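Working notes, structure below.
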Amino acid sequence: MTANQHGPAAGAPLPTLELARTPGHLIRRAQRVHGVLWARYVGPETTSPQFAVLSTVAGRPGLDQTTVGTLASLDKSTTVDIVRRLVRHGWITAGPDPEDRRRKVLDLSRPARAALQTLTSRAALVQQALLAPLDPRRAQAFVRDLATLAYEGAYERTAVDDARPIELGLELSTTPGHLIRRAQQAYTVRWTQRFHGTLTGPQYAVLCALAQQEPSDQARLGEAASLDKSSTAEVVERLASRDLITVITDVSDRRRKKLLLSPGARKALPGLTATAAEVQAELMDLLPAEARSAFLASLASVAYAEITEDAAPSDAGSDRTAPRA
């Protein structure tokens, strides 16, 4: 008899992961923190993926579009879209490789080189703010271990990704914001493989939060699961459509809805939690055993940092010409 088949005993607490100590959840939350900081210091006109492409091209001009996308940790369609926009707005030049005209090689335009100086300094401020909760020694170890997760223990410098300093942009392989995004991508792949696409990480987080504070409302669940308002609404709607969440209208205020776990969710949650725990274990197994506790503590500090209302750089708006991707 397994918990997944018959569920927990009546009245027993449902098994869930503690989200505040779950690496996958913390990575997703840290990515949200990075997004807030990016919007504050860089602004919405130049996105983080755009900057990743610009940094890659600046440091290694003449690379083909596919290699640029790989180094920027972007899928093929996203790379094509970003490069197309940057070319259209005159930030990147794209031309055939003299040695193989079927390949498209990229370089920065002169206006992009001028603007990228300011963008780079602002992006560096984002990284500093992201690591601000950690002292320098902890920050150094955190970035090193984060790179191990992001590259799944397989990152090695190559001829096109060497140790030479770059004059513009940031070295993505040591940039915490980029590493968080790449780690999130790697984690999502592992999660999808384990759950075969039947449940997403945010959906499990909502079920987990609901099990811990039932009944609840949508706003409280979103806060506990670290989701914005629109994402919470979408997740709740999907879970309700699959009969995993029961929605009850509040008789005292029909505009408010009370959310409960369905009987099916109660039966399934032990098995879902066991699988989710296996994904976390797989992720942390990439790190040496002695490094895991310190890394998790640092990740939590970054993910749950209180972001102060610092002013944006004094020259904000001076280079707001980059196209949105």
*asked:* Can you tally the lysine pairs in the chain where the Cα-Cα distance is under 24 Å and the two residues are eight or more apart, or on different chains?
replied: 5
*Could you state how much accessible area ASP228 has, in square angstrom rounded to the nearest 10, with a 1.4 Å probe and all protein chains kept in place?*
70 Å²
_Tilt relative to the chain, helix 23-41 - C-alpha long axis, 0 to 90 degrees, to 10_ = 50 degrees
*For the stretch 232-261, which trypsin sites (Lys or Arg not before Pro) are in a loop by DSSP, counting at most 15 other Cβ atoms within 10 Å?*
ARG242, ARG254, ARG255, ARG256
_As I understand it, the value is the acute angle between the Cα axis of helix 201-212 and the longest principal axis of the Cα atoms of the chain; what does it come to in degrees, rounded to 10?_
30 degrees
*What net charge is computed for the residues neighbouring VAL279, neighbours being all others with C-beta under 10 Å from the C-beta of VAL279, Lys and Arg scored +1, Asp and Glu -1?*
0
*Alpha carbon centre of the stretch 271-301 versus the stretch 70-137: separation in Å?*
31 Å
*Take every Cα-Cα distance within the stretch 6-147, group them into 5 Å bins from 0 onward, and report for each bin the whole-number percent of pairs it holds.*
2, 9, 14, 16, 16, 12, 9, 7, 5, 4, 2, 2, 1, 0, 0
*Taking GluC sites (Glu not before Pro) as exposed when DSSP calls them loop (any state but H, G, I, E, B) and at most 11 other Cβ atoms lie within 10 Å, what is the longest stretch of the chain free of them, the sites themselves excluded?*
168-305
*Once every DSSP H run of n ≥ 4 in the chain is given -39500 (n - 2.57) and the sum is divided by its residues, what mean residue ellipticity at 222 nm do you get, rounded to the nearest 500 deg cm²/dmol?*
-18000 deg cm²/dmol
_Convex hull projection area averaged over all views, the stretch 26-88, Cα basis, nm²_ = 4.7 nm²
_Share of pairwise Cα separations in the chain, more than 29 Å, in percent_ = 46 percent
_For the pair GLU171/ALA219, report the inter-label distance in nm, with labels modelled 7 Å from Cα in the Cβ direction._
4.7 nm
_Let me check something: with ligands and nucleic acids excluded, how do THR46, THR246 order by accessible area (1.4 Å probe), largest to smallest?_
THR246, THR46
*Roll a 1.4 Å probe over the protein chains and send me the accessible area per residue for the chain in Å².*
51 Å²
*Arrange the residues ARG21, ARG122 by how much accessible surface each exposes, largest first, with a 1.4 angstrom probe.*
ARG21, ARG122
*In whole percent, what relative contact order does the chain give with Cα contacts below 8 Å and a gap of six or more residues?*
31 percent
*Evaluate the distance, in nm, between pseudo-label points positioned 7 Å from the Cα of THR188 and of ARG84 along their respective Cα→Cβ axes.*
2.0 nm
*To the nearest 10 degrees, how steep is helix 48-59 against the longest Cα principal axis of the chain, on a 0 to 90 scale?*
30 degrees
_Residue-level accessible surface for HIS89, protein heavy atoms, 1.4 Å, Å²_ = 100 Å²
*Ordering ARG190, ARG84 from largest to smallest accessible area (1.4 angstrom probe), what's the sequence?*
ARG84, ARG190
*Cβ-defined net charge surrounding VAL80, 15 Å radius [Lys, Arg +1; Asp, Glu -1]*: +3
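The values are calculated or read from the model by the stated rules, or taken from the named source; none is laboratory data. Keep in mind that this is a model prediction, so the values were computed, not measured. Cβ coordinates were reconstructed from backbone atoms using ideal geometry, including for glycine residues, and neighbour counts include every protein chain displayed. Heads up: the accessible areas ignore ligands, DNA and RNA and are worked out on the full protein's heavy atoms, side chains in. Shrake-Rupley method; radii C 1.70, N 1.55, O 1.52, S 1.80 Å.
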